[in-house]
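Following: one structure in structure tokens, then a few remarks.
All of the numbers you see were taken from the coordinates with simple rules; none came from a lab. A quick note: this is a predicted structure, and the numbers were derived from the prediction, not measured. Because the Cβ atoms are built from the backbone with ideal geometry, glycine has one as well, and the counts that use them run over all protein chains shown.
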Amino acid sequence: MRGLNLKFPDAGQEARSVGYAMLLAGVIALSYVLYQLNTAIDEVAYWDLRIVAMDRQSQRKTMPLASPVQGGREIKQEFRRANAVMSEIDLPWGALFDSVEYAASHDVALLSVQPDAAGRTMRIGGEAKTMSALLDFVGALEREPVLKDAYLLKYEIKQDDPQRPIIFSLMASWIEAS
């Protein structure tokens with residue numbers, strides 16, 4: 001076999017500067033790769049800790065706040081109150097107020113609206129200028145599609161007022177929207 005005869009360029013200043021530049025580029029590339037590796041290791045460690053913490057939290061057993069025997073009555077009362085609040089929140093407020101406002105005229109002033117979610121009724125208190133305005137208001141409430149069974153509970157004519165307004169209280173039921 002024949003030997004190779006290799007000739008290297010002059011190892012002058014030019015060749016050395018290219019060599020140093022390549023060495024510097026290699027060191028920079030190596031440091032960047034090490035930085036990326038360190039970042040990836042830190043992220044893996046972070047997620048490992050999160051997984052361990054979530055596992056511990058899911059395995060942790062919670063103790064009851066009160067035994068059922070001791071606080072059973074209080075808990076039942078709290079549930080009843082919460083259910084009452086939820087039933088009032090679920091009322092068709094928009095439709096009820098729109099119906100009452102649509103039925104009212106400038107001769108009738110509404111002073112109170114008290115809904116009863118359990119009985120699906122609404123008590124309305126107000127003041128009317130005349131008896132005919134009051135009866136027209138009750139009739140208009142009865143014609144509203146959301147309300148039914150509107151009737152006067154009581155009324156009183158204010159004798160001490162020169163205009164003699166009529167203070168009234170009436171009851172109306174609402175229809176369940178389906």
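Assorted remarks:
- Listed candidates (1) -0.65, -0.71, -0.81; (2) -0.51, -0.61, -0.78; (3) -0.29, -0.35, -0.51 - label of the one calculated as log10 I(q)/I(0) by the Debye sum over Cα atoms at q = 0.09, 0.10, 0.12 Å⁻¹: (1)
- Averaging the sequence gap over all C-alpha pairs within less than 8 Å and six or more residues apart, then dividing by the number of residues, gives the chain a relative contact order of 15 percent.
- Within the shell of other residues whose beta carbon sits under 15 angstrom from the beta carbon of Arg73, the net charge comes to +1, with Lys and Arg scored +1 and Asp and Glu -1.
- Order of Arg60, Arg143 under a 10 Å beta carbon neighbour criterion, fewest first: Arg60, Arg143
- Residues Leu170, Leu147, Leu111 arranged by fewest to most Cβ contacts within 10 Å: Leu111, Leu170, Leu147
- Among the lysines of the chain, pairs at least eight places apart or on separate chains and with Cα atoms under 26 Å apart come to 4.
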